[in-house]
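Structure first, then comments.
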Amino acid sequence: MRESRLIGITFRALFAAGIALRIVLLFTSVWQLDSDNAVVYLIAKHVSEGDIAWFFWGQQYGGTLLEFAAGAGMLVFGPHVEVLGVTSILIVAGCALVVRHVATLAFDRRTGYVAATLFWFSGFWMLHVSISDPGFYGPSVLLGLGSVAIALRPQMHRPIVQWLLAGLLAGLALWQSPMGFLLALPGLIVLLSRQRVWQRWLSGIGAFLVGALPYILLTVLPADHPAPNRFGGWGTSIVNLGGMFTAVLASTFGAENAISGVLVGLLCLGLLVVLAVIAARRRNTWAGVLVAGALLEVLLIAPLAGIVLSATDFRYSFFLLPALVISAGWLLTRIRLLGFAAMLLSVVLTICQIYIVFPVPQFSTQNRYIIGDISALGDYLEAHQVKAALGDYWLAYAVTAETNEQVTVGALAINRRYVPYEEAAVAQDPVVLIVYAGATNDEALKKNSQKFPPSTRVEVSGFAIYTFAQPFSPFAYSWDLY
């Protein structure tokens, strides 16, 4: 059997196995969700009920294409969080297919199959993003890379269609996130330089504006609550330029200490250098566009992360992953059967990493939220007929999702998320606040450092529940995240 045929058959088998593995994980203790995931689920649930949100609640970015798709699924299967999980899996599966398509056009079919497999099985943390998408990562890569695939392909029989599709996908990518648009931007520049026909330019720009319309309107129209300044300062930005490689990418691929982090970071940087060399020496436009997109991602994320990047920020690796795996795929296929061996090894290493993170995974749908025994808290609130409350951000929407909005909990945060939850909580008599027992907000309430009205405190499963006898607005006080 020829190597290309062997690799092709292997990819199809592993691609199907990867979908099956991810769906199985949705029903195990491996699938853990946080409050961000809960917000994504609640937006999707509201979409299925006709309440449309174009962006992640309380943010000036983070389009809701994933939530629209999941909401459509909920119309058929009902408001279950597993519907969101399956939708996320299918979108990232689409990303893998686009990676294969781009790598094939950039190099050859073997590179395409190997790169797509490395993307599909790139370790537990990237698998985690594929089943617990924070809202826009999968759609951003799918649309941004999809725009590149259209923009760089040979001129279509009807060029106007190429411009319309490339522009529309890039606009939709911008709606999802600036990171998605930056993946598409180098491809658009190449298309503009190749076909200098003003009618085509106008059609592409028009399609882009249509796709990006929600983002444009959000930028132009006055916001109810101004977006927080996410610029972390020049010092933090410079540190993050290296941290993207030695912390974020390093943790994604299993580095556990500073030395291994530097080695993994250098390896990832080397893979981008390989693409840059190929682009320069072979005049390979695809390689140039891929490395340009990856570098633009680093230059955007480093200053706007707002914090010093660390191993816990592995999710940002998802935007660099297509360029990295395509470069690795090309290198591995230079030696006969090495690419095939790497495909199998990536599966083994991904499964091993799952067992390292979760030594004893169990089939269970209980306690999915990583912030504590949310189900016990929800049961307590329902039993005491608490219909609305306010709480720490990292528990608020998790409680709301766990109870399927039988209890709605708005967030005690400067950045207001979903006003209806907050208004319902303030209007409820008595007003109820839920915070982590022993954490900063709990200590402030116990010490009454801000002159809070009288209240009673009950502790349930590690959460402190405060009930206030008289009406008051918690948003007149300052709060920490927990």
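Taken together, the values in this text are just the output of simple stated rules run on the coordinates, not laboratory data. Computed from a predicted structure; not experimentally measured. A quick note on method: Cβ atoms are made from the backbone with ideal geometry, for glycine too, and the neighbour counts reach across all protein chains shown.
With each label modelled as a point 7 angstrom along the Cα→C-beta vector, the ALA17-ARG282 pair spans 2.8 nm.
When both the range 70-91 and the range 410-482 are represented by their alpha-carbon centers, they are found 32 Å apart.
Given the -39500 (n - 2.57) contribution per DSSP H run of 4+ residues, what per-residue ellipticity at 222 nm results for the chain, rounded to the nearest 500 deg cm²/dmol?
Values: 20 runs with 296 residues, N = 482.
Rounded to the nearest 500, it is -20000 deg cm²/dmol.
At the listed q of 0.15, 0.18, 0.24, 0.26 Å⁻¹, the Debye profile of the range 419-482, built from one uniform point per Cα, gives log10 I(q)/I(0) equal to -0.43, -0.63, -1.14, -1.31. Cβ crowding within 10 Å ranks LEU174, LEU296, LEU272 as LEU296, LEU272, LEU174, fewest other Cβ atoms first. Computed from label points 7 Å out along Cα-Cβ, the spacing between GLN470 and VAL360 is 5.2 nm.
The reciprocal of the average 1/r between distinct C-alpha atoms defines the Kirkwood hydrodynamic radius, which for the range 1-85 equals 14.8 Å. The fraction of Cα-Cα pairs per 20 angstrom bin, counted from 0 for the chain, comes to 22, 54, 21, 2 percent, rounded to whole percents. Among LYS45, LYS446, LYS451, sorting on how many other beta-carbon atoms sit within 10 Å of each Cβ, with the fewest leading, yields LYS451, LYS446, LYS45. Remark on ALA388: its backbone amide H falls under 5 Å from those of THR408, a criterion applied only to residues 5 or more positions apart or on other chains, H modelled at 1.01 Å from N.
Karplus-derived 3J(HN,Hα) values for the range 119-131, using 6.51 cos²θ - 1.76 cosθ + 1.60 with θ = phi - 60°, are 5, 6, 10, 10, x, 5, 5, 6, 4, 4, 4, 6, 9 Hz; glycine and proline are entered as x.
By other beta-carbon atoms within 10 Å, ranking VAL419, VAL98 with the fewest at the front produces VAL419, VAL98. Spacing of the modelled spin labels on HIS384 and GLN60, each 7 Å from Cα toward Cβ, amounts to 3.9 nm. The Rg/Rh ratio for the range 374-476, using Cα coordinates for both the radius of gyration and the Kirkwood hydrodynamic radius, is 0.92. Extension gain, SER375 to VAL348, is 6.3 nm, computed as 0.36 nm per intervening residue step minus the present C-alpha separation. A DSSP coil position with no more than 14 other Cβ atoms inside 10 Å describes the following GluC sites (Glu not before Pro) in the range 29-121: GLU49. Extents of the range 239-294, largest first, come to 38, 17, 16 Å (Cα atoms, principal axes, whole angstrom). Ranking GLY206, THR440, ILE160 by how far each Cα lies toward the positive end of the dipole of the chain (charges on Cβ) leaves ILE160 at the top. Shown in residue order for the range 310-327 are the 3J(HN,Hα) couplings computed by the Karplus curve 6.51 cos²θ - 1.76 cosθ + 1.60 at θ = phi - 60°: 9, 4, 6, 9, 4, 4, 5, 4, 4, 6, 8, 4, x, 5, 5, 6, 5, 5 Hz (x for Gly and Pro). Angle, helix 338-357 long axis vs. longest principal axis of the chain, Cα atoms, 0 to 90°, nearest 10? On a 0 to 90 degree scale, this one is about 10. DSSP bridge analysis restricted to the chain gives an antiparallel fraction near 65%, rounded to the nearest 5. For PHE463, the residues whose modelled amide H falls within less than 5 Å of its own, excluding neighbours fewer than 5 places apart on the same chain, are ALA437. Per 5 Å bin, what percent of the C-alpha pairs of the range 230-333 does each bin hold, from zero upward? Pairs per bin, as whole percents: 2, 14, 23, 23, 18, 12, 6, 2, 0. Using a Förster radius of 41 Å, what is the FRET efficiency between VAL210 and LEU241 based on their Cβ-Cβ separation? Nearest 0.05, please. The computed FRET efficiency comes out at 0.75. Assuming R0 = 56 Å, what is the FRET efficiency of GLU82 and LYS451, from their Cβ-Cβ distance, to the nearest 0.05? Result of the calculation: an efficiency of 0.80.
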